[in-house]
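The values are calculated or read from the model by the stated rules, or taken from the named source; none is laboratory data. Just so you know, these numbers come straight off a predicted model, no measurement behind them. A quick note on method: Cβ atoms are made from the backbone with ideal geometry, for glycine too, and the neighbour counts reach across all protein chains shown.
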Ligand code: HAM
């Protein structure tokens, strides 16, 4: 029988690279934890209707990319393609918005699934860390989220990213723009599919990557010219707060995003070293989503950063994170009796919080010391029959190569002093 492989468009995270992924997740989460965001976890699948209504019936995500299935019990579910609809669903279900402290600020970290054409940076299973601030309309909240994402990327050492910023208007001004855009688009020379798109989701036509389409879009009405006074003032305030915080951004009137729930502020973090899959993160305001999924009016804003692409961005900039060796001490027993005694020492060290590993499988000294080296441990504890007879173990400094006997009872204390 042939062996199995990871499904197309997926990959396994293995040591030592997996340590970088963990560090990236932690680096993105750290500024959120430090800014009043509480951790939320929701199921990996939801009622398919939640995404259809939330993300939008006409989006690629819903029409082409969703892993939707029916259970034996007849439930129509889908693996989550994104986190925002689920987080809002959970907050509404638990009445978090009624506890009287809006906005409800939540962060999350997990796996998401989209049936996309796989390529570098685009996978069918990927990982996001995200944040949602639910139930407040305040430009400072939009600015806060963008500033925190910027802070997260900078804490990782990333420099070659840019922030693209736009406003998509609100339910007052966007329909007016939509109609004007449709008028303009209907007069162009476009294929069947794109003509259909004009009627369902005309803003997405602006996002068409084809040269033949882009050429015709010169002179298309711009949403920025149609924003109502309230949206204009809101966007101005967001921009001013970002500028005051020293966070550089670029106005991008063509930034549309691939999900339908956005209103007003939208933004994307793009990295210049990633080729076509350059968006390392994105988000925006979604003032109407709650009502779209059956809740009360709850203006909200959030983002999700892609962990996979952030790791690729680190590689593109040649950044190696400073990840300390996970093992401090490596114990090497020589013989049966030593195995029993040293295993006891290892357990004691671990209980005391010293990161310790052990040489298993009755290896000889040479093989065991090789593993001790590989583990990155600063100290090795070696013991044979003669050491035990004297009541000591040999403590070897793996950096200097120096070795000294330490009385068994004093091992913990000695290592604590040395490791600081
Ligand atoms: P999104 O732009 O669809 O937004 O995804 C956010 C990030 O997830 C992307 O910028 C990218 O880094 C990563 N990502 C998306 N698809 C893939 C893929 N197939 N392979 C690898 N990485 C991928 C959202 O998901 C919204 N829920 C963000 C949001 C939160 N808006 C408001 N709140």
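Does residue 115 qualify as being in a loop (DSSP other than H, G, I, E, B), assigned by TED's automatic domain parsing to the domain that holds residue 52, within 11 Å of the ligand (Cβ to nearest atom) and modelled with pLDDT of 95 or more? For residue 115, the condition - in a loop (DSSP other than H, G, I, E, B), assigned by TED's automatic domain parsing to the domain that holds residue 52, within 11 Å of the ligand (Cβ to nearest atom) and modelled with pLDDT of 95 or more - is met. Counting only residues that are free of Cβ contacts under 8 Å to residues at least 40 places away in the same chain and part of a strand (DSSP E or B), how many does region 165-191 have? Of the residues in region 165-191, 0 are free of Cβ contacts under 8 Å to residues at least 40 places away in the same chain and part of a strand (DSSP E or B).
Helices (runs of 4 or more DSSP H) fully within region 40-108 that include at least 1 residues being more than 23 Å from residue 133 (Cβ to Cβ): 48-55, 60-63. Scanning region 199-236 for residues that are more than 19 Å from residue 171 (Cβ to Cβ) and within 31 Å of the chain's Cα centre (by Cα) yields 205, 206, 207, 208, 209, 210, 236. The condition of being crowded, with 18+ Cβ neighbours inside 10 Å and either away from the ligand (no atom under 14 Å from the Cβ) or not assigned by TED's automatic domain parsing to the domain that holds residue 142 (or both) holds for only one of 29, 85, 68, 91, that being 29.
What residue, among those in region 118-153 that are over 17 Å from residue 267 (Cα atoms) and away from the ligand (no atom under 11 Å from the Cβ), is surrounded by the fewest Cβ atoms within 10 Å (Cβ to Cβ)? Applying the filter and picking the extreme gives 136. For region 205-219, a residue qualifies if it is buried (at least 18 other Cβ atoms within 10 Å of the Cβ) and closer than 20 Å to residue 176 by Cβ, and the qualifying residues are 205, 206.
Inspect all residues belonging to region 168-185 and state whether any of them is in contact with a strand residue (DSSP E or B) (Cβ under 6 Å, 6 or more places away or on another chain) and surrounded by 12 or more Cβ atoms within 10 Å (Cβ to Cβ). For region 168-185, residues in contact with a strand residue (DSSP E or B) (Cβ under 6 Å, 6 or more places away or on another chain) and surrounded by 12 or more Cβ atoms within 10 Å (Cβ to Cβ): present.
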